[in-house]
Amino acid sequence: MTGEENSASGGNVIGYERELAEITGAIERYGTGAPPHIAIVAEPMAGRTTIVAEIRRQYGNRVNYLPLEFVIKKSGMLDFSSLEGDIILIDNCQFLATRKIGGFDVLDTFLRTQITSKKLFITTWNIYSWQYLCSVMNLNAYFPTIVTLNKMDTPVLKQVIMARDKPGTIRILDEGTAERSMFFSIIHSTVQVPFTSREISVPWVKPNFTLMLHKLPRKKRVQISLEDIIFEKINRIAYGNPGVALLLWENSIKDNAISLSAIAEYPYSISLDTNESFILSVILSMESLHEKDLFAIAGSEMDIEQVIYRLVQQRLVRDSEGYYSIEPFALGPVTDYLRKTRRLW
């Protein structure tokens, strides 16, 4: 399949068209020298699954897909040379390393295999694990192509959500009220960190002058769509994360209708000690971690059961049959808290 054909068939991805084009461009360059290994980096629920599905759809049998679902032990490493196809797509590569003594051994072995292989490796990473590993072991040096899935602004997020339903399926209920919080939008701009190749998404507040004018006396009033106000609220609560926004949208629909008041707020007042903050940051960076791996990372000096209990009680972490992950609606507040307390890299 040619590059032009790939670009034309990428209509299944909304909001990350530029990122997908960068990935397919790197794939098309493959074969003219050293493989341009690719790292796809994003926070939880931010679109990696969609991008991976599109790569598999476009390149079919060329792709060996290997999803990682738990921390990989050295004995569990695959012999990549025995795999058919010229592209190896490994999902959730944060499971190749853990924050404990000897926790980088598997990742070191994987990277040595990658740089000596003639196959093209496409890898996906949790952004917080990626940033940590880039800081402590220069992980980014192994990937000529690094694609970051940044947070979405409201118009793009609206497109993503509306594409899930047929036009007219969901009714917008007009309650005749607008919220003051809608006077401002959260815009996510991508900026490059000075003296590095790293890009980060920086939120900033943009006044919604149109909505402000809507509240003027009738003769001076400017009309604004209630639908747009609803999506502004969803994006604010979701912190620009498309997966969280989709979940919030689905939770807010009743009898095929949605209203402004039906979109629930999720207030969090986070107060944690040092151990709780550390374990929360580990869970955030790994996305889903089994209790056995948490015990191994925490060590014998920490009362990990008490720490987990506290995190679950505060609705920051959820327990799914022994696997722990961040509650979806706590993702934004947790990230903010860990940044303020300097637990994230």
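The values are calculated or read from the model by the stated rules, or taken from the named source; none is laboratory data. These numbers were taken from a predicted model, which means no experiment stands behind them. Reconstructed Cβ throughout: ideal geometry from the backbone, glycine too, with neighbour counts over all protein chains shown. When the accessible area is computed, the model is the full protein with side chains, heavy atoms only, and any ligands, DNA or RNA have been set aside. Shrake-Rupley method; radii C 1.70, N 1.55, O 1.52, S 1.80 Å.
Convex hull volume per residue, computed on the Cα atoms of region 223-345, equals 126 Å³.
Judged by the gyration tensor of its Cα atoms, with axes a ≥ b ≥ c, region 39-113 is oblate; a/c meets the 1.5 cut and b/c is at least as large as a/b.
Computed on protein heavy atoms with a 1.4 Å probe, the accessible areas place Tyr16, Tyr337 in the order Tyr337, Tyr16, largest first. The fraction of accessible area contributed by carbon and sulfur in region 41-158 is 53 percent, rounded to a whole number (1.4 Å probe; ligands and nucleic acids excluded). Would you work out what percent of the accessible area of region 267-345, with all protein chains in place, is carbon or sulfur (probe 1.4 Å)? Result for region 267-345: 43 percent of the exposed heavy-atom area is carbon or sulfur. For the peptides 38-48, 240-250, the ranking by mean Cβ contacts within 10 Å, running from highest to lowest, is 38-48, 240-250. The heavy atoms of Phe278 present about 50 square angstrom of accessible area, all protein chains included, probe 1.4 Å.
Heavy-atom accessible surface of region 250-345, averaged per residue, reaches 53 Å², computed with a 1.4 Å probe.
Protein-only accessible surface at a 1.4 angstrom probe places the residues Met286, Met137 in the order Met137, Met286, largest first. A 1.4 Å probe run over the protein chains yields, for region 1-155, 44 Å² of accessible area per residue, whole-number rounding.
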